[in-house]
1. Per-residue ellipticity at 222 nm for chain C, helices alone: DSSP H runs ≥ 4 residues times -39500 (n - 2.57), over residue total, nearest 500 deg cm²/dmol?
2. On a 0 to 90 degree scale, rounded to 10, what angle separates helix C:311-321 from the longest Cα axis of chain C?
3. Per-residue mean of other chain beta-carbon atoms within 10 angstrom of the beta-carbon, peptide B:10-20?
4. If you wrap the stretch C:385-537's Cα atoms in a convex hull and average its projection over all directions, what's the area in nm²?
5. To the nearest Å, what is the center-to-center distance of the stretch C:505-555 and the stretch C:605-622, using C-alpha atoms only?
6. In degrees between 0 and 90, to the nearest 10, how far off the longest principal axis of chain C does helix C:221-233 point, with axes built from Cα atoms?
7. For the residues C:332, C:262, C:821, B:112, what sequence is obtained by ranking on other C-beta atoms within 10 Å, fewest first?
8. For the stretch C:674-762, calculate the relative contact order in percent as a whole number, restricting contacts to Cα pairs under 8 Å that are 6 or more residues apart.
């Protein structure tokens, strides 16, 4: 059970107060009509599946009901940072060298 | 057309109201029960939404309610005189609890003072409040929620929304020795039965 | 003779409290402080079980959780049966009743043992698979017998009379293990103000200090333990949990602890409302892992005969329980620790025949002590075979060259009845591996130590630190580190001093070679519980299984309730030798929760029976109960399904309810539907983006049916939304969709369109909804309301505020039945009053309560869909024939719009909603029945759709259904077929999904 820091409530809470909501930073195209079928399908269905740093959305479902972002290592499950909706991550796959040991 | 429908939902004379736990009768826990549970029925509840970065919103709320808007996360402000309270739920959501029957006038007071983008919703029929006290009250909470209810993490004046058994609840500590649980109407029976069960080993009075 | 092996003095048992117990139907006595195992050994019980596969007689090997053989079925009644209890971990209590889990007709004379003896050579790994492969049809028959022949305990046939519960805690420091390292840590952390929890799986704290010969500060170590326990007990910030096993380590320092609260007292918790055991859920800032190291046995021929034990267990039984489990002892060891067993045995007044040490020149302090006591030491040698069948009768010894893996020189036969072995120590790393960190090989210690886990500090034995002073230091240092990182300050502390001991270097002793090759020698057991032998491992590697994970699964090494506690490391070492690799190269398997078995009750806690899941009730629930309603689960809600009168069947009740609605007036409790209050100047704009239809022109107090799609164009939810003000709307959703839709709205607002000024708030529980519907609805309502209900004053799809039975109400004229309908919404606390007020006019208007079944029938007759029943996430608005609901020309590209112009969503032959009328009017088709066009085609048939909703209609006088059929819209009048599993084929005609009143006149009256 993850221990997750809610950036709005300002404290750690248990994972079962939250729901994972998939990959973060996916913007809905501003002009869907000008997207090709392939581009639209890509937006709808294709997601990254990295071994390592992943940026994902969570919602504090039984707490403040706000959405926020999380940078998490999908191998060690370590949560590296949380940041509010609309903000950018400080830690990225490029900025951090992930240790080899699991 | 007016912007928002405002509706006084207080019933007339002769209407028998039933709280969410109207169907349960008292439970007696012997000489010295470790847990005492009581339903404070028929309070008024309002959801308030707005932008706390807007100073006119903050001052408007304070004017209307007679207590400042909590901007500190998870805090609870009380107006002892009016018997009312306001609790932070999120950066733009608050729960106001008032004496039963005063929810309409409270809503009107807020609508008078506030102008920018805000919302007020009467949700009085949707929950009930249970007080939890006694030497084993904290133990019962430990059995019911994963939230850290130790006094070091939960001082007087703190209020959180969290999980409660398999449902959810708002847990507040308005004073030393007493906890308040606000549970949704449709989950009230389950939460009540869970509380009684968790309290059995300590002896419980339900009033 | 009772308790022949009990010493008259010493031990931590209470001889003044005698306890009576039975084992395999025979009566014995023991003392308070005994475990079942120590009491059995005291009484000279040799055979406690028969092994899993070969049914060989087995005795007690260890004194703790690592015990592989003494697995018992506990319980004196059917309801209190507990399978697979380790006798070494079960405290003895008055009236305890236990049986071996294997052995028929009894452990001493077992029939299967014969099979094992005769068939044993053929029953290697993969035996079942290889032998019973053909004919395949007979496998299920073989399986029944195999299942009976093998196996451990059995589950009870009656409900558990005990309760179990959960307890949640947070702490700054969790210390797992209360041996010397753990206690030193706890003592250090106490008085710093930090919240500390310390747990130990044994009945009392102390760990190895309870059995050690090493004094602390010159006194018996157990005295220091008592002092520390007293100090910690006086500290309010420290919680001590004995009898508590940390069974699982989960992400971010979340640990589950299983506390056995009454298992040491009786079959069933002796006080009412007391849980038999409790699962603590601990969230710790820091964890100190002080789980120690487990001694492992040496692998040699017939090492499973009763009387073979591990050295530390022999010491534990003598020192802690005052039990000497035999008369004549031979020790075989590769390290100094093994010598302690011999010294304890001799001090207890029994004969030590010899200590056999595989090292050429052993010379540590314990070795010197043994020499001083005149104990014979045979160096450079090992026991390679135990003699005896139901009890050890002797040990065969020879000189050994471990590198060449061969025996040298002459064989000596030593007469004895007990062989204690020590192959070395394996740190108990399990918890550190639970979240995936692989253990790390420590060459110096010849063992695996924990891999790195953030927030977890291993100390003492588990980190391969063994000298007592160093162990105490490591516990202390770890606590200093942990407490300071939490921001507390420590008070200085003086640790007790142990007399240091000079230890000789340990040898890497795993398997002892035999005169014969491994595959021909008598069985050398590696995993006692699963009957895995060295020969079995050899066979596995010969058959090509080289990964330790494969070897494990092929041989069953490490399976079972002991999870390889004694056998895993030996197994890995043997595999490494056979493959010509080092142990770290061979690797280790990863451990997963639970460390030891947990009863299901403790996992469920109080989430069982009536408290298993929340049952959600509406404000009118008590009335439904009194009226005799039968209920249906809709999510967590209990909704009235139908209201039978007298002996009515469901069919009769539903037919009556349907007729009542179409001819008089019915009433439905619709409170469960989701209701969302929407306020803000951008409300209309927002609705236009999330719904398919238009909202721009919806006037005050007007209602509109809306359809919601996901961005893939598929229907997700539906409901009626009403305009209460220019900036104010009331949205309804399906019962099941309420929470999800609120989150959906928040998702779009918070992540995509935060600039829109709009707020969403749930009012589902606040408003109770009672729907009155039928030709008499208006007249009924007019009895108790001041609202003008005239047809032209209050039109269809409009909303009015007013008083109903003296209660402020919002009434909506929307219809799910197709009849004249008023949905009365009042604040839930007043709902019962209004409901009862309506029923005061029951006789006059024929007011009939109806449930969800009737609701389903009536709406289906009108072709109204139910999302999630007639749709499944793959159905578009146009598939449903609901083009009228889709605003293609709205300015914003609303959610779902783009996906509706893909080639796949434009296909003419998509599955489309139609009605079906069975050719046989008595037939009610089965929901989910697959539809084909040609019933005579070959199987597998081409499936063209399925029946989504199907009922009997009293109004139509026959069964009818809604269905999704490929190209259905163009197939009106065609006959289709539903072949069923039993061979019946039903026929039905495709018709319009609107079976009644196609122009919708009745709801408009």
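A short reminder: the numbers here are calculations on the coordinates, not readings from a lab. Quick caveat: nothing in here was measured; it's all calculated off a predicted structure. Quick reminder, even Gly has a Cβ in these numbers, built from the backbone with ideal geometry, and neighbours come from all protein chains shown.
1. -6000 deg cm²/dmol
2. 90 degrees
3. 6
4. Over all viewing directions, the stretch C:385-537 projects a mean Cα-hull area of 13.4 nm².
5. Spelled out, the Cα-based centre of one part sits 54 Å from the other.
6. 30 degrees
7. B:112, C:262, C:821, C:332
8. Details: 159 pairs, mean separation 34.9, N = 89.
Normalised by residue count, the contact order of the stretch C:674-762 is 39 percent.
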